[in-house]
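Here is the structure we will look at, set down as structure tokens.
The values are calculated or read from the model by the stated rules, or taken from the named source; none is laboratory data. Just so we're clear, the structure is a prediction, and the values are computed from it rather than from any experiment. In this analysis, Cβ positions are derived from the backbone assuming ideal geometry, glycine residues included, and neighbour counts consider all displayed protein chains.
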Amino acid sequence: MKILIVNQAEVARLLPMADCIAVMEDALSALARGQALLPLRQVLMLPNGRGAFAAMPGHLSTPAAVGIKVITVFPGNHGTEYDSHQGAVLLFETERGRLLAVMDASSITAIRTAAVSAVATRALARAEAATLGLLGTGVQAATHLEAMALVRPLRRVRVWSRDNAHVRAFVDRARARHGLDVEAAASAREAVEDADVVCTVTSSREPVLQGAWLRPGAHVNAVGSSVRATRELDTAAVVRARLFVDRRESALSEAGDFLIPRAEGAITDDHIQAELGDVLIGRAPGRRSAEEVTLFKSLGLAVEDVASAHRIHASALASGAGTWVELGGARDAT
């Protein structure tokens, strides 16, 4: 039996950001309707403390697909030749359980994470939001800029990270690619204090965003932290915002940005307003006024990877992309 191998460059070509935004909206809506199975991911923290190994299985009823992402996360890779997220997404069909494809996970993660933030921004940010503050200059910063520009009429972008050389290189690339007014900010505060939309996409273990800096009406996508012990936002930022999550169970188990303020007694579980999918299907309200601050805490869900892989597989079959490899899976007739 043959399976399809889709490499990093092919994933980016087969899953353009605009398409992925639509796929993510459908996947999160399906999750809200109960059309998905999604156990909590299993994370193995490696003994040397440099990284983690995670397994993320998921099933979608619509479209019918089942799969798993197996990935390593090494935040220290930023600035090297290696992505911080590396691994593979395995896609299976649901009738006979056949393995259909193995795909690069780095590119899927980069695209679908930003696409989910775009879905949240379209649902929660003010329609006229035109100024973006980016904290971080890695892969996710690049894909988030692309995604934000697709859902809001961006006119100005300010970027900050702790490494000035990385900021300068990011600004040069972003200006050339997007033709936007992209500026290097001298501080995190300068990057976000006038921003309509803020994306935190760092590997920081301590807060890089303070609530006091946020302007009324701002929307924040908190992306970089996905474990209990780390956070990018201080307690004040979470307290003053209406908090939405990709999945409530995941946030209650994994989101340091939520769990640390809760442990301090600043908020309770009720501070989570709704899952993003509930807003998408009209079950829960999103933004209620032009002045309130909204916050979307993104952890990343396996159904997002499965839905992305399903779309990539269909596009690869239609275009002839990918490489076919004989693997096995048929019953041995001998």
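Some points to look at:
- When region 206-223 is limited to residues that are touching a Lys or Arg at 6+ places or on another chain (Cβ under 8 Å) and surrounded by fewer than 21 Cβ atoms within 10 Å (Cβ to Cβ), the one that is modelled with the lowest pLDDT turns out to be Glu206.
- Cys20 meets each of the listed conditions (1) over 18 Å from the mean Cα position of the chain (by Cα); (2) surrounded by 15 or more Cβ atoms within 10 Å (Cβ to Cβ); (3) not hydroxyl-bearing (Ser, Thr, Tyr) apart from (1).
- One residue from Ala229, Ala236 being over 21 Å from Ala302 (Cα atoms), touching a Gly at 6+ places or on another chain (Cβ under 8 Å) and part of a helix (DSSP H, G or I): Ala236
- Among the residues of region 60-97, the one identified as of a type in the set (Lys, Arg) and modelled with pLDDT under 95 is Arg96.
- Residue within region 112-127 that is of a type outside the set (Lys, Arg), more than 24 Å from Ala36 (Cα to Cα) and at pLDDT 95 or above present: yes
- Taking residues in region 85-109 that are of a type in the set (D, E, K, R), and partners anywhere that are in a strand (DSSP E or B), the pairs with Cβ atoms closer than 8 Å and at least 6 places apart or on different chains are Glu93/Ala65; Glu93/Val66; Glu93/Leu100; Arg98/Phe92; Asp104/Val6; Asp104/Ala88; Asp104/Val89.
- Residues that are of a type outside the set (Lys, Arg) and closer than 21 Å to Ser308 by Cβ, drawn from region 68-81: Ile68, Val70, Ile71, Thr72, Val73
- Summed over region 132-150, the residues that are surrounded by fewer than 22 Cβ atoms within 10 Å (Cβ to Cβ) and farther than 15 Å from Thr202 by Cβ give a count of 3.
- Test for Arg283: is it more than 21 Å from the chain's Cα centre (by Cα) and either assigned to a helix (DSSP H, G or I) or within 23 Å of Ala55 (Cα to Cα) (or both): no
- Flag if Asp83 is acidic (Asp, Glu), more than 19 Å from Ala314 (Cβ to Cβ) and out of contact with any strand residue (DSSP E or B) (no Cβ under 9 Å at 6 or more places or on another chain): yes
- If the condition is being farther than 19 Å from Ser308 by Cβ, assigned to a loop (DSSP other than H, G, I, E, B) and among the polar types (S, T, N, Q), then region 1-51 contributes only Asn48.
- The residues in region 290-310 that are buried (at least 24 other Cβ atoms within 10 Å of the Cβ) and over 18 Å from Arg247 (Cα atoms) can be counted, and the count is 1.
- Qualifying residues in region 257-289 (those that are in contact with a strand residue (DSSP E or B) (Cβ under 9 Å, 6 or more places away or on another chain) and among the acidic types (Asp, Glu)) - the one surrounded by the most Cβ atoms within 10 Å (Cβ to Cβ): Asp257
- Scan of region 312-334 for residues that are modelled with pLDDT of 70 or more, more than 27 Å from the chain's Cα centre (by Cα) and part of a loop (DSSP other than H, G, I, E, B), ordered by number: Gly320, Leu327, Gly328, Gly329
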